[in-house]
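Shown next, in C-alpha cells, is the structure this report addresses.
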Amino acid sequence: MIWTTYSGDLDDPEADGADRDYILSAVADYFPGVTEADVVASWAGLRPLLAQENMATAVKTGDLSRKHAVLEDPPGLFTITGGKLTTYRAMAEDLVDRIAGPLGAPGRCRTRDIPLGLHGSAGQALHLATAGVARLGLPARAGARLVQRYGDDWQGAIRRIRADRSLGEPVAAGLPVLGVELDLARSREMAMTAEDVFVRRTRLTTRDASVQLPAG
C-alpha cells in the first residue's frame with residue numbers, strides 16, 4: 001500500500017504511474033521477476049484524515065492522525081470522520097454512544113455483545129456445507145467458500161441456490177465468486193449499485209480487469 005496526497009476526482013480515484021511503480025518496486029525486492037506485465041488489475045481509494053486546527057496547509061499526509069472523531073456541528077447533526085476500515089466497529093460504537101444521550105436511548109452501544117461470523121465448530125460447518133452443495137451438484141470448494149464468506153449464514157446461501165440453481169454458478173471464468181454472492185451483496189450487504197457489488201463486495205473487477213460492470 002502507498003499513501004499519497006490526492007486532488008483529483010473524488011468519485012473515481014485511480015492508481016497512477018507513480019503509485020504502480022512504487023508498489024512494483026517494493027514487490028521486486030521479494031519477487032525480482034515481477035513486472036507491470038504481471039499486473040491483473042489495480043484499485044485506489046481515498047481515506048479521510050483528521051487535520052488539527054492551525055495546522056500548516058503543506059503538512060504531509062503521513063503526519064496526520066489515523067484516528068477517528070465524532071463531531072456535532074450544527075447542534076443535533078453528528079458526523080464521524082477519519083478512522084480506518086479495520087476499526088469500523090469501534091467507530092460505530094463511539095458514534096452510537098455519542099448520540100444515545102440526545103436521543104434518550106437507555107444504555108450504551110451493544111456491538112461488543114453482538115455475535116458475528118461463525119459459531120461452533122468450523123470443521124462441522126465445512127462438513128455440512130460441503131455435503132449441502134454436493135447435493136446440488138456443486139464442488140466441495142463452493143461449500144467451503146460459503147462458510148468462509150458468510151459464517152453461519154452459509155445455510156441461507158445454499159437455500160437461495162436450491163431455489164435458483166443459476167446462483168451456484170461462477171460469475172466469471174476462472175474465479176470462485178458465485179452468483180449467490182451478487183444476490184447476497186444486494187440483499188444483506190447493503191450494496192446499492194453495480195459498482196458496490198463488483199468493486200466493493202466481491203472485488204471482481206480487482207481480481208480480473210476483464211470483468212466489466214453491468215451497463216446501467
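The values are calculated or read from the model by the stated rules, or taken from the named source; none is laboratory data. Here the structure is a predicted model, which is why all the values come from computation and not from measurement. Cβ sites come from the backbone with ideal geometry, for glycine too, and all protein chains shown count toward neighbours. In case anyone asks, the SASA skips ligands and DNA or RNA and just uses the protein heavy atoms, side chains included. Shrake-Rupley method; radii C 1.70, N 1.55, O 1.52, S 1.80 Å.
Using bins 10 angstrom wide from zero, how does P(r) for segment 90-199 break down, in % of all Cα pairs?
Histogramming segment 90-199 at 10 Å steps yields 13, 35, 27, 17, 8, 1 percent.
In the chain, if the dipole is taken from +1 on Lys/Arg beta carbons and -1 on Asp/Glu beta carbons about the Cα centre, which of Gly83, Gly104, Ala18 is farthest to the positive end?
So the residue we want is Gly104.
Of all accessible surface on segment 22-171 at a 1.4 Å probe, what whole percent is carbon and sulfur?
55 percent
Could you state the accessible area per residue of the chain in Å², with a 1.4 Å probe and every protein chain left in place?
69 Å²
Beta carbons within 10 angstrom, averaged per residue: use that to sort the peptides 41-48, 7-14, 182-189, highest first.
Highest mean packing first, the order is 182-189, 41-48, 7-14.
Could you report the accessible area of Tyr150 in Å², rounded to 10, computed with a 1.4 Å probe on the protein chains as they sit in the structure?
The accessible area comes out at roughly 10 Å².
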